[in-house]
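Below is one structure; the comments refer to it alone.
The values are calculated or read from the model by the stated rules, or taken from the named source; none is laboratory data. What you see is a predicted model, and the numbers here were worked out from it, not measured in a lab. Glycine gets a Cβ as well: all are built from the backbone with ideal geometry, and neighbour counts include every protein chain shown. In case anyone asks, the SASA skips ligands and DNA or RNA and just uses the protein heavy atoms, side chains included. Shrake-Rupley method; radii C 1.70, N 1.55, O 1.52, S 1.80 Å.
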There are 2 protein chains.
Amino acid sequence: MMKSEQIYKLIWMSRPLMQAAENAVELGLDGTGLTVRTRAVLEILYAEDEATVPAIAQKLEINRQYVQLMVNETLADNLTVRCENPRHKKSAIITLTDQGRALIKDVIGREMSLVRSMSAGLNTSEVETALKVVTALIEKLKSNIESD
Amino acid sequence: MMKSEQIYKLIWMSRPLMQAAENAVELGLDGTGLTVRTRAVLEILYAEDEATVPAIAQKLEINRQYVQLMVNETLADNLTVRCENPRHKKSAIITLTDQGRALIKDVIGREMSLVRSMSAGLNTSEVETALKVVTALIEKLKSNIESD
DNA sequence: CAGTCTTGACATTGTACATGTCATTATGAC
DNA sequence: GTCATAATGACATGTACAATGTCAAGACTG
């Protein structure tokens with residue numbers, strides 16, 4: 001098979017991969033009250049410590065209005081709180097509550113141990129290469145779209 | 001970075017990859033009247049020559065009712081036709097019309113040439129490895145889900 | 001302080017499906 | 001053949017994940 005055919009195939013495998021990944025994540029979220037999307041919000045806050053709604057939207061590359069809805073859910077569930085923003089009185093800084101931090105930490109921990117159990121049969125350099133190739137493909141696809 | 005962290009990262013890159021890929025495909029579909037989904041139907045028919053609606057649904061791993069809608073669209077646009085099925089009078093075999101075949105051939109051809117232009121900087125063995133790793137991950141994720 | 005941006009809130013719309021139901025055949029077991 | 005069961009197409013309804021538009025309040029810039 002030619003290289004370009006393999007790349008083509010690889011690109012189209014992104015959908016099954018994503019579906020399988022999200023199904024697996026969803027399973028791990030069972031009982032937590034989280035969805036894949038609210039989980040994504042908590043994950044960002046866990047990594048960044050704090051962020052405004054528009055900042056989260058930029059990270060997730062989806063629009064701020066929808067992120068606002070997701071954040072409002074996490075606020076209602078007491079997983080996050082609004083803190084005063086010294087730079088902008090109307091735009092609150094969102095941070096995790098202790099409860100939220102514990103929850104996302106637990107979720108990510110369980111996901112990581114699942115991944116570890118899947119890592120048998122794959123060696124480090126192969127994974128590294130795969131990561132590099134996929135990163136490059138995303139870059140190339142995006143730049144192709146913008147160049148129109 | 002540890003191997004499992006890299007795998008974790010790779011898995012989560014499937015969404016941006018898929019989005020970038022579908023955006024690129026959508027761009028290539030501009031003016032054809034096709035959507036990413038009807039394109040998928042035509043692609044299967046191009047590869048398989050013929051298929052019933054339930055068979056297409058199985059390939060796409062989505063439910064037959066939705067596939068029926070997509071197929072009906074392609075029938076309305078004269079890209080496919082219903083042929084008699086000797087094995088089942090009610091379930092027509094769907095095949096491409098000459099118009100449909102020419103269209104999907106052209107679309108795939110343009111996609112392939114785009115991929116070729118992106119393949120610089122990636123060598124064959126790297127792509128091969130990436131394909132192998134991603135395939136393995138999909139397998140592992142799916143079997144994990146089923147084992148519950 | 002006038003004009004422009006940013007943010008949050010809310011309403012509307014769209015896409016991509018899943019699910020349920022029904023009538024119409026088909027098929028397989030007897 | 002007959003009868004139970006399954007497969008198919010058609011249609012209705014529901015849902016998750018958003019995009020888009022609009023507005024008012026507040027913030028920032030010159």
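Among B:Lys105, B:Lys9, B:Lys3, which is the only one that is touching a residue at least 12 places away in the same chain (Cβ under 8 Å) and open to solvent by 20 Å² or more (accessible area, probe 1.4 Å)?
When all the criteria are applied, what remains is B:Lys105.
Quick one: how many residues across region B:13-32 are at the interface with chain A (Cβ under 7 Å from one of its Cβ atoms) and assigned to a helix (DSSP H, G or I)?
Total satisfying the criteria: 10.
Only one of (1) closer than 21 Å to A:Met13 by Cβ; (2) within 13 Å of DNA strand D (Cβ to nearest atom) fails for B:Ile93. Which number is that?
Among (1) closer than 21 Å to A:Met13 by Cβ; (2) within 13 Å of DNA strand D (Cβ to nearest atom), the lone unmet condition for B:Ile93 is (1).
Counting only residues that are at negative phi and open to solvent by 30 Å² or more (accessible area, probe 1.4 Å), how many does region A:113-125 have?
So the count comes out to 8.
Can you report the number of residues in region A:12-52 which are of a type in the set (Lys, Arg), crowded, with 18+ Cβ neighbours inside 10 Å and closer than 27 Å to A:Ala92 by Cα?
Residues that pass the stated criteria total 1.
Scan region B:9-45 residue by residue and report those that are more than 13 Å from DNA strand C (Cβ to nearest atom), touching a Lys or Arg at 6+ places or on another chain (Cβ under 7 Å) and of a type outside the set (Gly, Ala, Ser).
The one that is more than 13 Å from DNA strand C (Cβ to nearest atom), touching a Lys or Arg at 6+ places or on another chain (Cβ under 7 Å) and of a type outside the set (Gly, Ala, Ser): B:Ile44.
Name every residue in region A:46-68 that is more than 15 Å from the chain's Cα centre (by Cα), assigned to a helix (DSSP H, G or I) and either more than 9 Å from DNA strand C (Cβ to nearest atom) or of a type in the set (S, T, N, Q) (or both), in order of residue number.
A:Gln65, A:Gln68
For region A:33-41, does any single residue satisfy the condition of being modelled with pLDDT under 90, more than 9 Å from chain B (Cβ to nearest Cβ) and farther than 21 Å from B:Met112 by Cβ?
Yes.
Conditions first: (1) open to solvent by less than 60 Å² (accessible area, probe 1.4 Å); (2) part of a helix (DSSP H, G or I). A:Thr95 passes all but one, so which condition is the exception?
(2)
Give just the number: which of (1) among the hydrophobic types (A, V, I, L, M, F, W, C); (2) at pLDDT below 95; (3) in contact with a strand residue (DSSP E or B) (Cβ under 9 Å, 6 or more places away or on another chain); (4) away from DNA strand C (no atom under 16 Å from the Cβ) does A:Ala92 not satisfy?
It is condition (4) that A:Ala92 fails.
Mind checking whether some residue in region A:115-130 is within 9 Å of chain B (Cβ to nearest Cβ), in a helix (DSSP H, G or I), hydroxyl-bearing (Ser, Thr, Tyr) and over 17 Å from B:Thr129 (Cβ atoms)?
yes
Anything in region A:132-148 that is part of a helix (DSSP H, G or I) and among the acidic types (Asp, Glu)? List them, or say none.
A:Glu139, A:Glu146
Quick one: would you say B:Leu10 is of a type outside the set (Asp, Glu) and either part of a strand (DSSP E or B) or under 17 Å from the mean Cα position of the chain (by Cα) (or both)?
Answer is no for this residue.
Assess whether A:Thr74 counts as being β-branched (Val, Ile, Thr) and open to solvent by 10 Å² or more (accessible area, probe 1.4 Å).
So A:Thr74 fails the test.
If we scan region A:21-34, do we find a residue that is free of Cβ contacts under 8 Å to residues at least 60 places away in the same chain and over 19 Å from the mean Cα position of the chain (by Cα)?
yes
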